[in-house]
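> Here you go, one structure.
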Amino acid sequence: MEARATHKYISTSPRKMRLVIDLIRGISVDRAIEILHFNPKHASKDAEKVLRSAVSNLYNKDEDASHDPSALIVKEVFVNNGPVAKRVLPAPMGRAFRVRKRSNHLTIVVATKG
């Protein structure tokens, strides 16, 4: 049994989010929540929220069965590029520099072991 959760339009760059999610790929859910909760990076808050949502989705999907949190694993985690907001910053001598404010879409899939 598996369940997924997505969070779209997160206002951090995909590269920074990938640094955080690479820490939790393939490990147990309770250990992953612990890692994300105590990670100082800003992206870990969003990742923890999506992971808790995926676990909740699994519980709601199969209400009859009781799942032990230590028996769940993070099966898949991936980040896709979101839309890029483009801004212009004034520069010296009448020039303009482009500022690209990136966003991302985060998807987490949790599953039972076995």
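> Residue under question is Arg15, and the condition is that it be loosely packed, with under 14 Cβ neighbours inside 10 Å, in a helix (DSSP H, G or I) and either touching a Lys or Arg at 6+ places or on another chain (Cβ under 6 Å) or of a type in the set (D, E, K, R) (or both); does it hold?
Yes, satisfied.
> Name the single residue, out of those in the stretch 77-106 being assigned to a strand (DSSP E or B) and touching a His at 6+ places or on another chain (Cβ under 8 Å), that is surrounded by the most Cβ atoms within 10 Å (Cβ to Cβ). Talk me through it step by step, then tell me what you get.
The initial filter retains those residues of the stretch 77-106 that are assigned to a strand (DSSP E or B), namely 77-81, 85-90, 96-101, 104-106.
Next, from what is left, pick out any that are touching a His at 6+ places or on another chain (Cβ under 8 Å): 79-81, 105-106.
Details: Val79: 22, Asn80: 12, Asn81: 12, His105: 17, Leu106: 26.
Only one residue tops the list, namely Leu106.
> Looking at (1) modelled with pLDDT of 95 or more; (2) exposed (fewer than 13 other Cβ atoms within 10 Å of the Cβ), which is the only condition Ser66 fails?
(1)
> From the list Asp62, Asp68, exactly one residue is of a type in the set (Asp, Glu) and touching a residue at least 60 places away in the same chain (Cβ under 8 Å). Which is it?
Of the residues listed, the single one that is of a type in the set (Asp, Glu) and touching a residue at least 60 places away in the same chain (Cβ under 8 Å) is Asp62.
> Just the residues that are outside any loop (DSSP other than H, G, I, E, B) and basic (Lys, Arg), please, taken from the stretch 33-61.
Taking the stretch 33-61 first, the residues outside any loop (DSSP other than H, G, I, E, B) are 33-37, 43-61.
Passing the criteria: Lys45, Lys49, Arg52, Lys61.
> Turning to a different aspect of this structure: Taking the options Asp30, Asp64, name whichever one is within 30 Å of Lys113 (Cα to Cα) and in a helix (DSSP H, G or I).
It is Asp30.
> Same structure, new question: Quick one: would you say Arg25 is of a type in the set (Lys, Arg), in contact (Cβ under 8 Å) with a residue 24 or more places away in the chain and buried (at least 16 other Cβ atoms within 10 Å of the Cβ)?
Working: of a type in the set (Lys, Arg): yes; in contact (Cβ under 8 Å) with a residue 24 or more places away in the chain: yes; buried (at least 16 other Cβ atoms within 10 Å of the Cβ): no.
No: the conditions fail for Arg25.
The values are calculated or read from the model by the stated rules, or taken from the named source; none is laboratory data. Every value quoted in this text rests on a predicted model; they were computed, and no experiment measured them. Here Cβ is always computed from backbone atoms with ideal geometry, including for glycine, and neighbour counts include all displayed protein chains.
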